[in-house]
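Working notes for the structure below.
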Amino acid sequence: MSIIVQKFGGTSVATAEKILSAAKRAIDLTKRGHQVVMVVSARGKKTDELITLAEEITKTPAPREMDMLLSIGEQETVALMAMAIHTLGEKAVSLTGGQIGIVTDSTHTKSRIRKISTDRLRKHLDEGAIVVACGFQGVDEDGNITTLGRGGSDTTASALAAVLQAEECEIYTDVNGVYTTDPRVVPEARRIGTISYDDMLEMASLGAGVMHSRSIEFAKKFNVKLRVKPAYSTEDGTLIAPVGDDIDRPVTGLAIVKNEARVTLKGIPDRPGVMGTVFSKLAARKIPIDMVVQNVVSDGKAEVTFTVPEGDLAGTLTAAQEAVNEVGSGTVVSGTNVSKVSAVGTGMRTNTGVAAQMFRRLAEAGVNIQMITTSDIKISVLVDRNLSQAALRAVHQGFELDKAAVAATQPKAPKLAARDEKALQTAVADRLSNMEDIVVSDILHDDSQSRVTLHNVPDRPGLCAEIFETVARENLLVDMIVQNIGENGTTEVSFTVPRADLEKCLTTVGKLLERLHGAYVSHDRDISTLSVMGIGLRTHTGVGEKMFRCLAEAGINIKLINTSEIRISAVIDRKQGALGLERLVAAFGVAP
Ligand code: ADP
Ligand code: ASP
Ligand code: MG
């Protein structure tokens, strides 16, 4: 008999009426011959209320006690849901995370799933009961209650679907599916029919709160069919699957993190190991950093800026100060009142000029770009928080995301035969000792690029658009773009181009700079880019740490960094490319 997992979010179980309506959905499925596991969240704003209550007592609650407290929200819902199913005449049993058999690590409030034993779940299902499971929680090896991080019920659902090899995992929520961006912020956002795992993973990790990004990692790793649906109607929603509808478009969707903060370490030594130290201090606190930008070095001193969620700022500042103390020099500064707006699309890989188009729309909306980082499937910009929603909307209009995708002209990636899918799933699962282990699948080495940097560029709206439009007009294929936070009215912009095009690029950029008083260009002909490929790389803070430590131990200095959930890349000196590749292959244990 096939198993279906149904997850109901907070708003979808907020009242007795909604609980009864969710119960009916589950019963309908059992009537159609399926076994059903329901995963439910805390009702309405219950989790927020519990957090507020704790904060009234202390600003620094012990994480273990926070987990003990927050877990009660889900416990209330499962009991009510089981009662609702009983009233409707069916069998149901409610279970806590521990009772389901979800074992996590002991990182309270941000724990990761290690294993799930399915014996008890299967026993209840085989007895004909609907299992109603608490989302968001588990227990560690010592039996302490743990939680998976805000929004973590999605991850419980997709993990249960993975271990039970469920036919589908349905995520019931308060919108009609996954949209091109948050429909509550941009009313003209469009529902996406099918979105790829990679696009959804990147959008979720960059702020699209509709799904917990770790739930998409599970889905991709274990090939879970996920469907996001409205709890209040019977519409189809959005399927999250290996290939999306929008493969022909450069941009699938946009995400925003309204409350982002930036942190800069100034005057740190320019030598191998410094980035590794910074990353490891943050990884120790499980703080995911994003938008990492290093300024091109002067006087043997380096400067690095990155962004973190504002909620992690205090921990970040402590960690950054520890890093500065350890490397011997530097100061830490930070800035708030900024938001991160990102455009995501696996289709970007084969499109030129996408970044220029985004920058132009921002300029037209009068938004100055404070920082830029790109990867192969996303472009992120940091902007003034007060302008962030206008920025999001302008970019949404610019890429015409409200319009339905045109029919694909590219052949869709062939669907794996059922047998291959199973084999792939087993192969991936076999390599993991813990369910939430990261999957590193490949290490790539590209030594065909050169770096170009524009220094002393006036920091005003429209300049980046002008630079990248000029470059795109010459058909120069720009890869990584980074821009650091400006100082004294000027900023620094770096990017990579194919080495064969370097001269042409320098001439083009040279002409542009003649008009910009005081700006100048530098370049680095011989660079190599080393990339670690996999799933969940940015969220799992340990990957960056391991990569940078490994390169440091080989005496390799890092010049540029770029990250996404499926790729972390470091630009290094070309002479050290082969050595770096060899070390990374050994460190991550993948076939060269
Ligand atoms: P639940 O409680 O069901 O887990 P969430 O509040 O976590 O619900 O997620 C649903 C919300 O996600 C929506 O109400 C919407 O405002 C927000 N959201 C953000 N980005 C998107 C997007 N791209 N598509 C749909 N909803 C989004
Ligand atoms: N109740 C938890 C939260 O509000 C988990 C969830 O809803 O997914 O974050
Ligand atoms: Mg949610």
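Kindly state, to the nearest 0.05, the FRET efficiency for T490 paired with R32, given R0 = 51 Å and r defined as their beta-carbon distance. Let's see the in-between values first.
Numbers: r = 64 Å, r/R0 = 1.26.
Using R0 = 51 Å, I get an efficiency of 0.20.
Kindly provide the pair-distance distribution of region 439-523 built from C-alpha pairs, with 5 Å bins from 0 and whole-percent values in order of increasing distance.
Per 5 Å bin, starting at 0, the Cα pair percentages come out as 3, 13, 26, 24, 15, 8, 5, 4, 1, 0.
With an 8 Å Cα cut-off and a minimum separation of 6 or more residues, compute the relative contact order for region 428-573 in percent.
On the way: 251 pairs, mean separation 43.7, N = 146.
With pairs under 8 Å counted, the relative contact order is 30 percent.
Calculated FRET efficiency, Q397 and E127, Cβ-Cβ r, R0 60 Å, to nearest 0.05?
Working: r = 54 Å, r/R0 = 0.91.
Step by step, r from the Cβ atoms, then E = 0.65.
In square nanometres, what is one fourth of the surface area of the convex hull spanned by the alpha carbons of the chain? Write out the running numbers ahead of the final one.
Details: hull surface 105.1 nm².
Over all viewing directions, the chain projects a mean Cα-hull area of 26.3 nm².
Length gain on complete extension for the stretch K45 to D270, per 0.36 nm per residue less the alpha carbon to alpha carbon distance? Show your work: numbers first, answer last.
Details: separation 225, 0.36 × 225 = 81.00 nm, distance 4.73 nm.
Full extension from K45 to D270 adds 76.3 nm.
With labels modelled as points extended 7 Å from the Cα through the Cβ direction, what inter-label distance (nm, one decimal) is found for N475 paired with D384?
4.0
Which stretch or stretches of region 303-318 have amide N atoms under 18 Å from the point lying 7 Å from K59's Cα along the Cα→Cβ direction?
Label zone hits: 310-318.
Any number yet on Rg/Rh for region 201-313, C-alpha, Kirkwood? Kindly include the intermediate steps, with their values, before the conclusion.
Details: Rg = 18.9 Å, Rh = 17.2 Å.
We get a ratio of 1.10 for region 201-313.
So for the pair T87, L444, with labels modelled 7 Å out along Cα→Cβ, what separation do we get in nm?
That separation, rounded to one decimal, is 5.5 nm.
Could you please state how large a percent of the accessible area of region 1-159 is carbon and sulfur, counting protein chains only and using a 1.4 Å probe? It would help to have the intermediate numbers written out before the result.
Details: 3640 of 6780 Å².
Taking all protein chains in place, region 1-159 shows 54 percent carbon and sulfur surface.
Beta carbons within 10 angstrom, averaged per residue: use that to sort the peptides 83-95, 336-348, highest first. Spell out each step's value before the answer.
On the way: 83-95: 17.8, 336-348: 23.8.
Order by mean packing, descending: 336-348, 83-95.
What order do you get for 278-285, 65-72 when each peptide is scored by the mean count of other beta carbon atoms within 10 Å, highest first? Numbers along the way, then the final one.
On the way: 278-285: 21.4, 65-72: 18.8.
Those peptides, ordered most packed to least, come out 278-285, 65-72.
Please state, as a whole number in µm²/s, the translational diffusion coefficient that the Stokes-Einstein equation yields for region 1-156 at 10 °C and 1.306 mPa s, with Rh defined as the Kirkwood radius across alpha carbon pairs. Spell out each step's value before the answer.
On the way: Rh = 15.6 Å.
For these conditions, the coefficient is 102 µm²/s.
Where does helix 354-364 land angle-wise versus the long Cα axis of the chain, in degrees 0 to 90, nearest 10?
90
Work the Kirkwood hydrodynamic radius out for region 307-400: mean of 1/r over every pair of different alpha-carbon atoms, inverted, in Å.
It works out to 15.0 Å.
Work out how far the C-alpha atoms of region 445-592 reach from end to end along every principal axis, then list the three figures in whole Å, largest first.
Projected onto the principal axes, the Cα atoms of region 445-592 cover 50, 30, 25 Å.
Report the relative contact order of region 248-337, percent, no decimals, based on alpha-carbon pairs under 8 angstrom and at least 6 residues apart. List each step's numbers first, then the result.
Values: 144 pairs, mean separation 40.4, N = 90.
It comes to 45 percent, rounded to a whole number.
Hey, with R₀ at 35 Å, roughly what FRET efficiency would M68 and E167 work out to, going by the Cβ-Cβ distance, to 0.05?
On the way: r = 35 Å, r/R0 = 1.00.
The formula returns an efficiency of 0.50 here.
Rank these by accessible area, largest first, 1.4 Å probe: Y520, Y232, Y197.
On the way: Y520 115, Y232 140, Y197 15 Å².
Highest to lowest solvent-accessible surface, that is Y232, Y520, Y197.
Taking the DSSP beta bridges in region 1-135 as the whole, what percent of them are antiparallel, to the nearest 5?
Numbers: 3 of 17 bridges.
Looking only at bridges with both residues in region 1-135, the antiparallel portion is about 20 percent.
Longer than 26 Å from Cα to Cα, which of K7/K546; K115/K258; K24/K229; K46/K340; K378/K511 are they? Say none if no pair is. Don't skip to the end; give the middle numbers.
Details: K7/K546 35 Å; K115/K258 34 Å; K24/K229 15 Å; K46/K340 28 Å; K378/K511 29 Å.
Violating the 26 Å limit, Cα to Cα: K7/K546; K115/K258; K46/K340; K378/K511.
How many nm separate the modelled label positions at L579 and A404, each set 7 Å beyond the Cα in the direction of the Cβ?
Using points 7 Å along Cα→Cβ, the separation is 5.7 nm.
Please compute, over every Cα-Cα pair in region 190-230, the percentage with a separation greater than 14 angstrom.
In whole percent, the share of Cα-Cα pairs in region 190-230 beyond 14 Å is 41.
Ordered by packing density, taken as the mean number of other Cβ atoms within 10 Å over each peptide's residues, highest first, how do 122-130, 255-263, 523-531 rank? Could the numbers behind the result be given before it?
Values: 122-130: 15.7, 255-263: 22.3, 523-531: 19.7.
Peptide ranking by packing, descending: 255-263, 523-531, 122-130.
Take every DSSP beta bridge with both residues inside the chain and express the antiparallel ones as a percent of the total, to the nearest 5.
Values: 84 of 112 bridges.
The antiparallel fraction comes to roughly 75 percent.
To the nearest 20 Debye, how big is the dipole of the chain about its Cα centre, given +1 on the beta carbon of each Lys and Arg and -1 on that of each Asp and Glu? It would help to have the intermediate numbers written out before the result.
Numbers: 67 positive and 73 negative charges, 117 e Å.
So the magnitude is around 560 debye.
Return the carbon/sulfur percentage of the accessible area of region 191-280, one whole number, probe 1.4 Å, all protein chains in place. Walk me through the numbers on the way to the answer.
Values: 1160 of 2500 Å².
Its accessible area is 46 percent carbon and sulfur atoms.
Largest first, how would M533, M358 line up by accessible area (1.4 Å probe)? Show your work: numbers first, answer last.
Numbers: M533 35, M358 0 Å².
From most accessible down to least: M533, M358.
What full-extension length gain, to one decimal in nm, is calculated for T194 and V590 as 0.36 nm per residue of separation minus the Cα-Cα distance? Intermediate values should be presented prior to the final figure.
Details: separation 396, 0.36 × 396 = 142.56 nm, distance 3.12 nm.
Full extension of this stretch gives 139.4 nm more.
Take the Cα atoms of region 277-340, build their convex hull, and give its volume per residue in Å³.
Convex hull volume per residue, Cα atoms: 89 Å³.
Quick check for you: which residues of region 157-178 have the amide N under 14 Å from the point 7 Å beyond the Cα of K225 toward its beta carbon?
162, 165-171
Please list the radius of gyration and Dmax for region 29-113, considering alpha-carbon atoms only, with Å as the unit.
Calculated on Cα positions, Rg and Dmax stand at 15.7, 50 Å.
Hey, what's region 95-207 come to in accessible area per residue, 1.4 Å probe, Å²? Provide the component values of the computation, followed by the final result.
On the way: 3490 Å² over 113 residues.
Normalised by residue count, the accessible surface of region 95-207 is 31 Å².
May I have the convex hull volume per residue, in Å³, for the Cα set of region 476-534? Present the calculation step by step, with values, prior to reporting the outcome.
Working: hull volume 6.3 nm³, N = 59.
In region 476-534, the Cα hull volume divided by residue count equals 107 Å³.
For the full complex of protein chains and a 1.4 angstrom probe, list T490, T104 by accessible area with the highest value first. All intermediate terms of the calculation are to be shown ahead of the outcome.
Details: T490 45, T104 0 Å².
Sorted by accessible area, descending: T490, T104.
I need two numbers for region 120-238: Rg to one decimal and Dmax as a whole number, Cα atoms only, in Å.
Reported Rg and Dmax, both Å: 15.2, 49.
The values are calculated or read from the model by the stated rules, or taken from the named source; none is laboratory data. What you see is a predicted model; the values in this text were computed from it and never measured. A quick note on method: Cβ atoms are made from the backbone with ideal geometry, for glycine too, and the neighbour counts reach across all protein chains shown. Side chains included, ligands, DNA and RNA excluded: accessible areas come from the protein's heavy atoms. Shrake-Rupley method; radii C 1.70, N 1.55, O 1.52, S 1.80 Å.
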